[in-house]
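S.K.: Below: one structure in structure tokens.
The values are calculated or read from the model by the stated rules, or taken from the named source; none is laboratory data. Since the structure is predicted, the reported quantities are computational estimates derived from the model, not experimental observations. No Cβ is skipped: glycine too gets one built from the backbone with ideal geometry, and neighbour counts run over all protein chains shown.
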Amino acid sequence: MATNWTGDDDDDVVTTGVVTVVTVTVTQVTISGFDLSNFRSCLEKWNTAMENMYYQCLRVGSTRCLPVFYEQLVLHPEPMLRNILTFLDITWDNSVLHHEEQINKPGGISLSK
């Protein structure tokens, strides 16, 4: 969760920590303890929170916690989702790949309004 910016368009690498903090600061979403006027502070707090969650997950063990990396989920949705459902002991169903088609349908996903 870091940025490696060299100024060359081909070299820019931005991970979800930066994207999250930009979104939070631009939209002014309130997160307890975050000073939205200080981008660096927000990024440091975000990184600390993610690091703590990751190490807590490792501490409780692989039978109780499964780290899921957003980038891998986006790049490889089916194998990642299969792994998550296996971890949760839920039978695979192809509809997971198209969950948006189930919104507000009978027996589907109900969204609050």
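S.K.: Scan the range 43-71 for residues that are assigned to a loop (DSSP other than H, G, I, E, B) and without any contact (Cβ under 8 Å) to a residue 12 or more places away in the chain and jot them down.
M.R.: G61, S62, T63, R64, C65, F69
S.K.: Residue by residue through the range 56-113, note down the ones that are over 26 Å from V19 (Cβ atoms) and polar (S, T, N, Q).
M.R.: Those that are over 26 Å from V19 (Cβ atoms) and polar (S, T, N, Q): S62, T63, T86, T91, N94, S95, Q102, N104, S110.
S.K.: Cβ contacts < 8 Å: first residue more than 22 Å from L85 (Cα to Cα), restricted to the range 99-112; second residue surrounded by fewer than 10 Cβ atoms within 10 Å (Cβ to Cβ) and not hydroxyl-bearing (S, T, Y), any location; separation 6+ or different chain. Result?
M.R.: Correct list of pairs: N104/L111.
One line per residue, one yes/no per condition, for (1) of a type in the set (F, W, Y); (2) at pLDDT 80 or above:
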residue	(1), (2)
W5	yes, no
D11	no, no
V22	no, no
Q28	no, yes
F39	yes, yes
V60	no, yes
E71	no, yes
E101	no, yes
G107	no, yes
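S.K.: For the range 91-108, which residues satisfy the criterion of being under 26 Å from C57 (Cβ atoms) and surrounded by 11 or more Cβ atoms within 10 Å (Cβ to Cβ)?
M.R.: Answer for the range 91-108, where residues must be under 26 Å from C57 (Cβ atoms) and surrounded by 11 or more Cβ atoms within 10 Å (Cβ to Cβ): W92, V96, L97, H99.
S.K.: Does the range 78-86 contain at least one residue that is hydroxyl-bearing (S, T, Y) and not in a helix (DSSP H, G or I)?
M.R.: no
S.K.: Let me ask something additional. Just the residues that are surrounded by fewer than 11 Cβ atoms within 10 Å (Cβ to Cβ) and part of a loop (DSSP other than H, G, I, E, B), please, taken from the range 12-42.
M.R.: Result: Q28, T30, S32, G33, S37.
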